[in-house]
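Chemist: Below you will find the structure I want to go over with you.
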Amino acid sequence: MAKNTYMRWRLPLICLLWEVAMIVLFGVFVRFGPEADAHWEEEKKELNLTSDMENDFYFRYPSFQDVHVMIFVGFGFLMTFLKRYGFGAVGFNFLLAAFGIQWALLMQGWFHSFKNGKILIGVENLINADFCVGSVCIAFGAILGKTSPIQLLVMTLFQVTLFSVNEYILLNLLHVKDAGGSMTIHTFGAYFGLTVTRILYRPNLEQSKDKQGSVYHSDLFAMIGTLYLWMYWPSFNSAISEHGDAQHRSAINTYCSLAACVLTTMAFSSMLQKKGKLDMVHIQNATLAGGVAVGTSAEMMLTPYGSLIVGSISGIVSTVGYVYFTPFLESRLHIQDTCGIHNLHAMPGLIGGIVGAITAAAATEDVYGKEGFIKAFDFTGEYQTRTPSVQGGFQAAGIVVSLLMAFVGGGIVGGILKLPIWGDAAAENCFEDEVYWETAPSAYRCYPDGKRPKPEYHLPLSWTISLQPELEETGMKIRPKICMFSRVI
């Protein structure tokens, strides 16, 4: 069935109207927090601070930079593996993330930093907004190549809202610890995206099967995203941890888990292939599962060897998922997971939630010290009587709440996105940049007659310029190769 993918009026209208709405809402509600406001000098005196270096900006901004790169470069390039959807992967990731961080600052601000009728923002709010958008980028991976930019913006609007509600329930009502977001970011984002792609199931997607694969250079581009994510994941998991030992511990645990994950991924990638060769899909994705799986327990006393165990297990589970679970989900459950987010984010996210619950339940004052124990789990105020076993139970409850929010929210949003008004492409045109992007013409189209000239007339431009004087003396003329860098198809 033919579909109208014309975006000339629809996309500009949505983008401009929503940006105007953001400007109005920011003007009404958003103000600088105390450490970003010009009254910082008075604030320093009240807090008995002697140096501007004690401003939270100098502690948090390096981590913010790393997380920001992960969202826009890491996730964007990780999804460029499709041979004819590189513009869509990077460009639409850019679009939804740019809109998402604005809406996230508002939604999370209303829940967490709303004072006297205003949302006060600082560098930690920027990090949390990036975390929220990270969840959207994960969901985007499930529907990559099958949706229009308007559908992605609509999904972002609803998912950021649901993420903020889920985060508030877990962190404020259940009082769970989830520094790296195994539950709030990865479990919620992945199962939300999987639910949406199930609702948007395309029975005729086989018509674009030839475009779903990769080519050599697209896999290399995707590997750039992998390496950025892998290098900066310790910053991601430690970015909002308490200054001092908790943040230090988060980085170490993540570092160890990621390193172990690479080895088990390589091992099982080779083991599960008949000829023992490595599969680039596994290397691009499963090597990151260690960062996901250690997220919840990163700032706990997991210990370095415990992190190695978690990373090793997550690499194995993720690689096995790509080999066996992804085909099963598509053939049996009709879940068309383009990027395999079930293997990279969903299952490792569940592992992370479970590890966090066990680690919290096993915590003792002997391991943490009396003051460290109270600080690690914030057992103060109304939570000062909470025991480790009870905390472990609430950690497990956080997994259940995240799953329920993802399934219910994903089902509702998927139903909205299924309406035939958003300009999504027909099945045979999925995974194709030319539907929504201006793309460079092929080499054949560079010539007026559409035919490639004979080899003897097809010389590089630099050769033609240098040889033309001698050639003119003999009466010969040679046509330059004007499309020497274009792809020939």
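Chemist: Hey, can you tell me all the residues within the stretch 182-235 that are among the polar types (S, T, N, Q), crowded, with 24+ Cβ neighbours inside 10 Å and under 16 Å from the mean Cα position of the chain (by Cα)?
Modeler: Result: Ser182, Thr184, Thr187.
Yes/no per residue for (1) over 25 Å from Glu124 (Cα atoms); (2) among the hydroxyl-bearing types (Ser, Thr, Tyr); (3) in contact with a Phe, Trp or Tyr (Cβ under 9 Å, 6 or more places away or on another chain):
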| residue | (1), (2), (3) |
| --- | --- |
| Asn55 | no, no, yes |
| Pro62 | no, no, no |
| Val73 | no, no, yes |
| Gly86 | yes, no, yes |
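Residue-by-condition table, conditions (1) farther than 18 Å from Val67 by Cβ; (2) aliphatic (A, V, I, L, M); (3) in the same structural domain as Met22 (by TED's automatic domain parsing):
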position: His112; (1), (2), (3): no, no, yes
position: Leu120; (1), (2), (3): yes, yes, yes
position: Val133; (1), (2), (3): no, yes, yes
position: Phe140; (1), (2), (3): no, no, yes
position: Val154; (1), (2), (3): yes, yes, yes
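Chemist: Sticking with this one: Is it fair to say Leu106 is in contact (Cβ under 8 Å) with a residue 40 or more places away in the chain and either surrounded by 15 or more Cβ atoms within 10 Å (Cβ to Cβ) or of a type outside the set (S, T, N, Q) (or both)?
Modeler: In short, yes.
Chemist: Next question, about the same structure. For a quick check of your reading of the model, give me the residue pairs whose first member lies in the stretch 321-342 and is closer than 17 Å to Phe81 by Cβ, whose second is buried (at least 23 other Cβ atoms within 10 Å of the Cβ) and of a type in the set (Val, Ile, Thr), with beta-carbon atoms closer than 6 Å and at least 6 apart or on different chains.
Modeler: From the stretch 321-342, the pairs are Gln336/Thr197; Ile341/Ile138.
Chemist: If we scan the stretch 350-369, do we find a residue that is within 28 Å of Leu82 (Cα to Cα) and not acidic (Asp, Glu)?
Modeler: Within the stretch 350-369, one or more residues are within 28 Å of Leu82 (Cα to Cα) and not acidic (Asp, Glu).
Chemist: Quickly run through the stretch 168-184 and pick out the residues that are part of a helix (DSSP H, G or I) and either in contact (Cβ under 8 Å) with a residue 12 or more places away in the chain or not assigned by TED's automatic domain parsing to the domain that holds Val401 (or both).
Modeler: Once the filter is applied, which keeps residues that are part of a helix (DSSP H, G or I) and either in contact (Cβ under 8 Å) with a residue 12 or more places away in the chain or not assigned by TED's automatic domain parsing to the domain that holds Val401 (or both), the stretch 168-184 yields Tyr168, Ile169, Leu170, Leu171, Asn172, Ser182, Met183, Thr184.
Chemist: Can I ask one more? Scan the stretch 303-310 and give yes if some residue there is assigned by TED's automatic domain parsing to the domain that holds Phe407, outside any helix (DSSP H, G or I) and out of contact with any helix residue (DSSP H, G or I) (no Cβ under 7 Å at 6 or more places or on another chain), otherwise no.
Modeler: Yes, the stretch 303-310 has at least one match.
Chemist: Among the listed residues Phe163, Phe111, which satisfies the condition of being closer than 27 Å to Ala289 by Cβ, part of a helix (DSSP H, G or I), at pLDDT 95 or above and touching a Phe, Trp or Tyr at 6+ places or on another chain (Cβ under 7 Å)?
Modeler: Phe163
So that you can scan it fast, the table gives a plain yes or no per residue for (1) in contact with a helix residue (DSSP H, G or I) (Cβ under 7 Å, 6 or more places away or on another chain); (2) more than 24 Å from Gly311 (Cβ to Cβ); (3) part of a helix (DSSP H, G or I):
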{"residue": "Thr359", "(1), (2), (3)": "no, no, yes"}
{"residue": "Asp366", "(1), (2), (3)": "no, yes, yes"}
{"residue": "Gly393", "(1), (2), (3)": "no, yes, yes"}
{"residue": "Met405", "(1), (2), (3)": "yes, yes, yes"}
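Chemist: Might you check whether a residue that is of a type in the set (Lys, Arg), closer than 28 Å to Gly340 by Cα and surrounded by fewer than 17 Cβ atoms within 10 Å (Cβ to Cβ) occurs anywhere in the stretch 39-53?
Modeler: No; the residues of the stretch 39-53 include none that is of a type in the set (Lys, Arg), closer than 28 Å to Gly340 by Cα and surrounded by fewer than 17 Cβ atoms within 10 Å (Cβ to Cβ).
The values are calculated or read from the model by the stated rules, or taken from the named source; none is laboratory data. Predicted model, so just to flag it, every value in this text is computed and none were measured. Cβ sites come from the backbone with ideal geometry, for glycine too, and all protein chains shown count toward neighbours.
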